[in-house]
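The values are calculated or read from the model by the stated rules, or taken from the named source; none is laboratory data. Please read these numbers as outputs of a predicted model, since none were measured by experiment. With ideal geometry, Cβ positions are generated from the backbone for all residues, glycine too; neighbour counts draw on all protein chains shown.
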Amino acid sequence: MSETILGGRFTFPGTTFTVHRMGYGAMQLAGPGVFGPPKDPDGAVAVLREAVAAGVNHIDTSDFYGPHITNQIIRKALHPYPAGLVIVSKLGARRPEDGSWQRADSPEELTAGVHDNLRNLGIEAIDIVNYRAMGAVHGPAEGSIAAKVTVLADLKRQGLIRHIGLSNVTAAQLAEAQAITDVVCVQNNYNLAHREDDAFIDDLARQGIPYVPFFPLGGFTPLQSSTLSNVADRLGSTPMQVALAWLLHRSPNILLIPGTSSVAHLRENLAASELGLSAEVLAELDGIASGTVAATH
């Protein structure tokens, strides 16, 4: 696939990492509930190889997916890793035997998490590590993250992490982290229906920092889903393709990491970067968050 098809390129600030804007999120390669092994391990390997063959060079993962399973699959599928592939992992949680999601952000847990990633991915340093603040149930919660970021900055000085990002954070927490170390990306919940981070995205764009949204279709009401489906039907696309295309249009610093365990679905996601959206369609889609729907013809 050409660079244009994959949404163009973006360089993480202060790094040599230039990626296509359409990447891949590996969370769904683990079993149900992101826990345990997948039902089709060979299929998971095939998805990763197809993604890289199509030009994807930004893979988002975490060693607490599985746990350990997803990174082990990435290693099996892609190691030795091709030149230019950027692997981004995250720390801050753990998965005990009951499959729950628990906070894991003490200095010892963060350090152990880095070593888990290194071992299971088969690498000597992680390209980018996002500190994932657990926050509130439905999004970020204010509160100091300085102690956690300081630990990661020390691991960076040791050469185990190349660059540091943040996930599920507020603008104030970003500023706090930037007083400690350079931050090369932010990963938060954002989509057509949930646009609380609009101003944050614009501020990051001014700083040249990429914003990586997760849950591109998460939390839609039935009416919002119906509006999106109507647009997709008119364009001959799927709702997910339209949602992803809208994100690419939203701001040039947005990088996408849609996940799937299906090669066919992967191809659909990647094709979303080819989808053109007219001004009229963009206005209609923008109305999803505000509760208005633009007139259509």
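How many residues are under 28 Å from Glu97 (Cβ atoms) and either hydroxyl-bearing (Ser, Thr, Tyr) or crowded, with 22+ Cβ neighbours inside 10 Å (or both) if we restrict to region 6-33?
Total satisfying the criteria: 4.
Does Tyr131 count as surrounded by 17 or more Cβ atoms within 10 Å (Cβ to Cβ), farther than 26 Å from Leu174 by Cβ, aromatic (Phe, Trp, Tyr) and modelled with pLDDT of 95 or more?
no
Out of Glu280, Glu274, Glu268, Glu284, I need the residue that is in contact (Cβ under 8 Å) with a residue 40 or more places away in the chain, surrounded by fewer than 20 Cβ atoms within 10 Å (Cβ to Cβ) and of a type outside the set (A, V, I, L, M). Which one?
Glu274
So, restricting to strands (runs of 3 or more DSSP E) that lie completely within region 52-142, which ones have at least 1 residues that are within 21 Å of Arg21 (Cβ to Cβ), out of contact with any Cys (no Cβ under 8 Å at 6 or more places or on another chain) and among the polar types (S, T, N, Q)?
86-91
Which residue pairs have Cβ atoms under 9 Å apart, sit 6 or more places apart or on different chains, and have a first residue in region 117-132 that is closer than 18 Å to Asp105 by Cβ and a second that is of a type in the set (Gly, Ala, Ser) and assigned to a helix (DSSP H, G or I)?
The qualifying pairs are Val129/Gly113; Tyr131/Ala177.
From the set of residues in region 215-266 that are aromatic (Phe, Trp, Tyr) and over 15 Å from the mean Cα position of the chain (by Cα), which is farthest from Ile201 (Cα to Cα)?
Going through the qualifying residues, I end up with Phe220.
With the requirement that a residue be free of Cβ contacts under 8 Å to residues at least 12 places away in the same chain and either of a type in the set (D, E, K, R) or buried (at least 22 other Cβ atoms within 10 Å of the Cβ) (or both), what does region 162-219 give you?
Asp198, Arg206
Could you list, in sequence order, the residues of region 220-246 that are crowded, with 16+ Cβ neighbours inside 10 Å, hydroxyl-bearing (Ser, Thr, Tyr) and over 16 Å from Ser273 (Cα atoms)?
Thr227
What's the number of the condition Asp105 fails, among (1) closer than 30 Å to Asp197 by Cα; (2) out of contact with any Phe, Trp or Tyr (no Cβ under 9 Å at 6 or more places or on another chain)?
(2)
May I ask you to verify whether Arg95 is touching a Phe, Trp or Tyr at 6+ places or on another chain (Cβ under 7 Å) and more than 20 Å from Asn168 (Cβ to Cβ)?
It is false that Arg95 is touching a Phe, Trp or Tyr at 6+ places or on another chain (Cβ under 7 Å) and more than 20 Å from Asn168 (Cβ to Cβ).
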